[in-house]
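Below: one structure, written as structure tokens.
The values are calculated or read from the model by the stated rules, or taken from the named source; none is laboratory data. Everything numeric in this text was worked out from a predicted model, so none of it was measured. Here the Cβ positions follow ideal geometry from the backbone for every residue, glycine too, while neighbour counts run over all protein chains shown.
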Amino acid sequence: MPEIFELKAQANKLRKTSRFAEALPIYKALWEETRDAFDGSGYLSCLRKLRKFDLALPLATELLKEHSDFEWARKEAIWTLIQGKLLLLRKDVSLVEVINTAKSVMETTPDFIAKKLTVFTVLKHAKKHNDWNCIAEWIDLLDPLNLSDTPLKKNSIEGWSDREIWYNYKINSCLKNNNAEVALELCNSIKGKYPKHSKFFTRLGALSLKALGRTEESIAVYKELCYGDKVDWWLLYEYGSVLSETGGLEKTILLLCKAAIACPKSALAVRLYQKIGDVLFALQDKENAFIHYALAKAIRTENNWPIPSELQSAIVSLESEVRPQEGHRATVGLMKLCRETWKKFLPDSGPRSDRRQPRIGLKGRINIVPGRRVCFINCKDGLSAICMEVEIPPGIKDGEVVRFDAVPSFDKKKSRESWRAKNVQRNADAGTLGDVGAQGT
């Protein structure tokens, strides 16, 4: 008996000094001999810390059956289920499996931290599967007043707080489930509380107003959000979409074309291109409407995305009038034609401090430096544009010739005008820079 007490003390000391590999065999021997709750908890703690989940998960099940009333055993079992099962589910796992795993955790009555992590994990997967009914069910398992308002940090960069994340999920789930009145109340309740992310919640308020039929009020909010030169493309798209419902098509097409120019990846803008087609059709510009419909379909086809019936019907109805040409079928050719249309609707530079116009359809060689988030594209005429690595389509390599649009920017560090690359894509029809200088405006 004295020897067992000595082994218990030795294992406990090793565990508390994080020497889990040394403590593990002692705890294992003790557990097999005593079946004591403390020994089993220590054994599971070491297995979990060493990430030996193949052994830890069966032991967690045993402890929950035999010693569920022992607090340490229950906590170790809960965190083993979370770390060894819930958080290790494959990215392509079904939402049903995620929910079932999460429910097995929730049945053990986890503490608040474990409960929050479990719920947020389900919410993340449900959003990926676009299951807003699931989100509506699970979001209410947490009380936002118990969540932290302190922004989370990743690589020293401040992000969203847990409470902001909760409100974002909750308001979006209300909108997706036709409960715009509650969504608007929530938006108003946190107005001014999160200045760093205010545009996101203000935008949700605008969507709530639109869903409630208060279109003019929604437009007024979007107008304020889209004031200035640096506006997110998706805000311009939504503003234009709401404005189109009031019949202001001339301003609508301007906003949508500005959004298309500003969007960093064509795949993100597939609905935007279809919307531009709708507005151009309403403006009796059937040829350019058809080109935008064809571009939206081409991008969907390339990505194996479904073709909406209304998009296919629009293309079929216009084919006899437009008489598609060869250039109307390839994505690169369609994009070039669409860019010419966007440029046509862009206003003159006016009295702004930066009077440079965007340059559309440029061709240049990309310089990608491994480990850096910033890349450069250099044109033959001397123009150099900066772009972020995350905005570059997959498969493009350093030194490759690409096509892109250049929008005016300003380098604060060097205090000089610069260019920002948008809509970067592989240049399928040329391997050299060619007459780059002739392509810009």
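Numbers below:
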item: Residue match in the range 297-319 (condition: more than 27 Å from Ile392 (Cα to Cα) and among the basic types (Lys, Arg)); result: no
item: Matching residues, the range 190-212, being surrounded by fewer than 13 Cβ atoms within 10 Å (Cβ to Cβ) and either modelled with pLDDT of 95 or more or within 15 Å of Lys176 (Cα to Cα) (or both); result: none
item: Filter pass, Thr101 being farther than 24 Å from Ser198 by Cα, assigned to a helix (DSSP H, G or I) and not assigned by TED's automatic domain parsing to the domain that holds Ser68; result: yes
item: Residue match in the range 252-266 (condition: touching a helix residue (DSSP H, G or I) at 6+ places or on another chain (Cβ under 6 Å) and either of a type in the set (Lys, Arg) or assigned by TED's automatic domain parsing to the domain that holds Arg426 (or both)); result: yes
item: Top-ranked residue of the range 274-289 - restricted to ones that are of a type in the set (A, V, I, L, M, F, W, C) and surrounded by fewer than 18 Cβ atoms within 10 Å (Cβ to Cβ), ranked as farthest from Phe345 (Cα to Cα); result: Ala282
item: Evaluation of Glu185 against (1) of a type outside the set (A, V, I, L, M, F, W, C); (2) assigned to a helix (DSSP H, G or I); (3) closer than 27 Å to Trp79 by Cα; (4) free of Cβ contacts under 8 Å to residues at least 40 places away in the same chain (one fails), failing number; result: (3)
item: Filtered residue count, the range 218-246, keeping only those that are surrounded by 14 or more Cβ atoms within 10 Å (Cβ to Cβ), part of a helix (DSSP H, G or I) and among the acidic types (Asp, Glu); result: 1
item: From the options Arg90, Arg51, residue that is within 31 Å of the chain's Cα centre (by Cα) and at pLDDT below 95; result: Arg90
item: Residue satisfying all of: in the range 247-273; of a type outside the set (A, V, I, L, M) and free of Cβ contacts under 8 Å to residues at least 40 places away in the same chain; surrounded by the most Cβ atoms within 10 Å (Cβ to Cβ) among these; result: Thr252
item: Lys103 being under 21 Å from Leu64 (Cβ atoms) and of a type in the set (Lys, Arg); result: yes
item: Single residue of Trp138, Trp79 found to be in the same structural domain as Arg51 (by TED's automatic domain parsing), touching a residue at least 12 places away in the same chain (Cβ under 8 Å) and either part of a helix (DSSP H, G or I) or touching a Lys or Arg at 6+ places or on another chain (Cβ under 7 Å) (or both); result: Trp79
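Matching residues to (1) at pLDDT 95 or above; (2) under 27 Å from Asn178 (Cβ atoms):
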residue	(1), (2)
Glu97	yes, no
Asn100	yes, no
Lys103	yes, yes
Thr109	no, no
Phe112	yes, no
Lys116	yes, no
Lys124	yes, yes
